[in-house]
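What follows is a set of notes on a single structure, which appears directly below.
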Amino acid sequence: MVAQESVLDDLAEPVDLDPVIHAVSRLRIMTALASLADDATITFSRFRQVLGMTPGNLQAQLQTLAAAHYVALVQRGKGRGSTTWISITPLGRAAYEHYSRSMMALLDSSRLWP
């Protein structure tokens, strides 16, 4: 019984999960962007296809991530011919890696149950 109480004590510790990343749509976005090379970019339209998200939802989630400086949005051109390029920032990559480590620690602690 002592081992179970120790596991429960570990689970009672607050887990440092970034609320900006933790929302499902933003987690999907950050996971996809983190899988790209450091200097890689992807167009909004291609990214929308990859993720299967509506343009409005993707735009709203990207704006939240951009406000946290986790992604960079660069628009080239004007009007109908414009293209928005998306990339993960160094701060965003570091935040995602920290989030991933925190989530893995939380999941690993649940494996201690008999």
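The values are calculated or read from the model by the stated rules, or taken from the named source; none is laboratory data. What you are looking at is a predicted structure, and each value in this text was computed from that prediction instead of being measured. Glycine also receives a Cβ, built like all others from the backbone with ideal geometry; neighbour counts cover every protein chain displayed.
Points worth noting:
- Residue in segment 70-85 that is in contact (Cβ under 8 Å) with a residue 24 or more places away in the chain, aliphatic (A, V, I, L, M) and touching a Gly at 6+ places or on another chain (Cβ under 8 Å) present: yes
- Residue count for segment 72-114 satisfying the condition of being at pLDDT 95 or above, of a type in the set (A, V, I, L, M) and part of a helix (DSSP H, G or I): 3.
- Here Arg26 fits the description: charged (D, E, K, R) and crowded, with 17+ Cβ neighbours inside 10 Å.
- Taken together, the residues in segment 70-98 that are of a type outside the set (D, E, K, R), farther than 16 Å from Thr31 by Cα and surrounded by fewer than 17 Cβ atoms within 10 Å (Cβ to Cβ) amount to 9.
- Some residue of segment 56-69 being in contact with a strand residue (DSSP E or B) (Cβ under 7 Å, 6 or more places away or on another chain), surrounded by 10 or more Cβ atoms within 10 Å (Cβ to Cβ) and farther than 14 Å from Val20 by Cα: no
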